[in-house]
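Notes follow the structure.
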Amino acid sequence: MTVQTQTLRTVAGIINSVETLEGAGFLVRRPFPKSSFSQFDPFLLLDELGPVNLKPGQAKGAPDHPHRGFETVSYMLDGRLEHKDSEGHTGVLNPGDVQWMTAGAGVVHSEMPESEFTRTGGRLHGIQLWVNLPQRDKMIAPRYQEIGAAQIPVVQSSDGSVTVRAIAGEALGAKAVIETRTSIIYLHFTLQPGASVVQRVPKEYNAFAYLLDGSGLFGAEQERGNDGQMVMFAHDGDEVAIANPADAQQPLDFLLIAGVPLNEPVVRYGPFVMNTEVEIMQALEDYQNGRMGRIHV
Ligand code: FE
């Protein structure tokens, strides 16, 4: 039947991650931004922290820093991070937890390894995604959604070969609890060898997969993508297909992330992402004058 194959998106490109140091000096893998690829509207950045096995006392974090004009989404896979911000929010991210922080007009926050985890060391693995805010929302009051692992719907296919965690959007009948400012899909899939999935992603969404582990076949033409790569889908269909080959030696673990492009000017300067240079100057001035607050311990 040809109807179904016509709706499958093809692959528009495959991007390798670069390794870079962030915060106080921790290593991340980053498919974007980089000089040749500054954003994937509405997404501004994707960082994979680890996976790394840390010795006692070795964990590093990102001490006090500001954000304005977008959202930071942290998804913890292993290890524990502690968050504090100028709005008075504090919390610990445990494995499976998600923190969706809408910086809006501005927050100052710190993202540090939790003290007991720092003391003992252990495996650290996490993801941070930056989601741009539309012009109308850039100066809204900051908001902080902390979604524990238990609140994130986890669904398995009837034969157990596909598992999905719905962080934003819907998959296999599960609907995420998080509230987003624009339509966002953020799904974490695990496919056993021989398993495949077809996920609906409306045509207008920019959509990509990021491979956390393993190797898989992506899109209508079944292009190969590997651990640490980002696979971008074309806008030529309203479904994406992903498969883990039957002869694979391990599960395929990937994030499927999609959102409606904002199509607005993006002017970014470090932790500030606005629409004009003047707004960036204003953000710098507001931060330097303490108008984004500070962290009260
Ligand atoms: Fe931050």
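The values are calculated or read from the model by the stated rules, or taken from the named source; none is laboratory data. Keep in mind it's a predicted model, so treat the numbers as computed, not measured. Positions of Cβ are generated from backbone atoms using ideal geometry, with glycine treated the same way; all protein chains shown enter the neighbour counts. Keep in mind that these areas ignore ligands, DNA and RNA; they rest on the heavy atoms of the full protein, side chains included. Shrake-Rupley method; radii C 1.70, N 1.55, O 1.52, S 1.80 Å.
Points worth noting:
- Search result, residues across segment 232-271 that are closer than 17 Å to GLN128 by Cα and more than 16 Å from the ligand (Cβ to nearest atom): ASP253, PHE254, LEU255, LEU256, ILE257, ALA258, GLY259
- Pairs are defined by a Cβ separation below 6 Å, a sequence spacing of at least 6 or placement on different chains, a first member in segment 43-63 that is more than 15 Å from the ligand (Cβ to nearest atom), and a second member that is assigned to a strand (DSSP E or B) and open to solvent by less than 60 Å² (accessible area, probe 1.4 Å); the pairs so defined are GLU48/ARG29; GLU48/ILE127; GLY50/LEU124; GLY50/HIS125; PRO51/HIS125; VAL52/LEU124; LEU54/LEU124; ALA59/PRO113.
- Subset of segment 83-129 (residues that are closer than 23 Å to GLY290 by Cα, of a type in the set (Ser, Thr, Tyr) and in contact (Cβ under 8 Å) with a residue 24 or more places away in the chain): SER86, THR102, SER110
- Contact map, segment 10-21: residues that are in contact (Cβ under 8 Å) with a residue 60 or more places away in the chain paired with residues that are open to solvent by 40 Å² or more (accessible area, probe 1.4 Å), Cβ distance under 7 Å, separation 6+ or inter-chain. Pairs shown: THR10/ALA220; THR10/GLU221; THR10/ASP236; VAL11/GLU221; VAL11/GLU223; ILE14/GLU223; SER17/ARG29.
- In segment 123-172, the residues that are over 16 Å from the mean Cα position of the chain (by Cα) and basic (Lys, Arg): ARG123, ARG136, LYS138, ARG143
- Against the list (1) part of a loop (DSSP other than H, G, I, E, B); (2) of a type outside the set (Gly, Ala, Ser); (3) within 20 Å of PHE32 (Cβ to Cβ), the condition ARG268 fails is (1).
- The set of residues from segment 51-81 being more than 23 Å from LEU255 (Cβ to Cβ) and part of a strand (DSSP E or B) comprises PRO63, ASP64, HIS65, PRO66, ARG68.
- Candidate set: segment 272-297, residues that are of a type in the set (D, E, K, R) and open to solvent by 80 Å² or more (accessible area, probe 1.4 Å); chosen: the one farthest from the ligand (Cβ to nearest atom): GLU277
- Beta carbons closer than 8 Å, at least 6 apart along the sequence or on distinct chains, pair a first residue in segment 192-217 that is closer than 23 Å to ASP78 by Cα and aliphatic (A, V, I, L, M) with a second that is open to solvent by less than 20 Å² (accessible area, probe 1.4 Å) and part of a loop (DSSP other than H, G, I, E, B) for LEU211/GLY228.
- Scanning segment 242-260 for residues that are outside any loop (DSSP other than H, G, I, E, B) and more than 29 Å from ARG181 (Cβ to Cβ) yields ALA243, LEU252.
- Residue satisfying all of: in segment 11-56; of a type in the set (Val, Ile, Thr) and within 27 Å of GLY122 (Cα to Cα); farthest from the chain's Cα centre (by Cα) among these: VAL52
- Residue satisfying all of: in segment 76-105; away from the ligand (no atom under 13 Å from the Cβ) and surrounded by 23 or more Cβ atoms within 10 Å (Cβ to Cβ); nearest to the chain's Cα centre (by Cα) among these: VAL98
- Answer residue from segment 111-140, given it is within 12 Å of the ligand (Cβ to nearest atom) and open to solvent by 10 Å² or more (accessible area, probe 1.4 Å) and is farthest from PRO33 (Cα to Cα) among those: MET112
- Residue in segment 252-266 that is in contact with a strand residue (DSSP E or B) (Cβ under 6 Å, 6 or more places away or on another chain), charged (D, E, K, R) and open to solvent by 30 Å² or more (accessible area, probe 1.4 Å) present: yes
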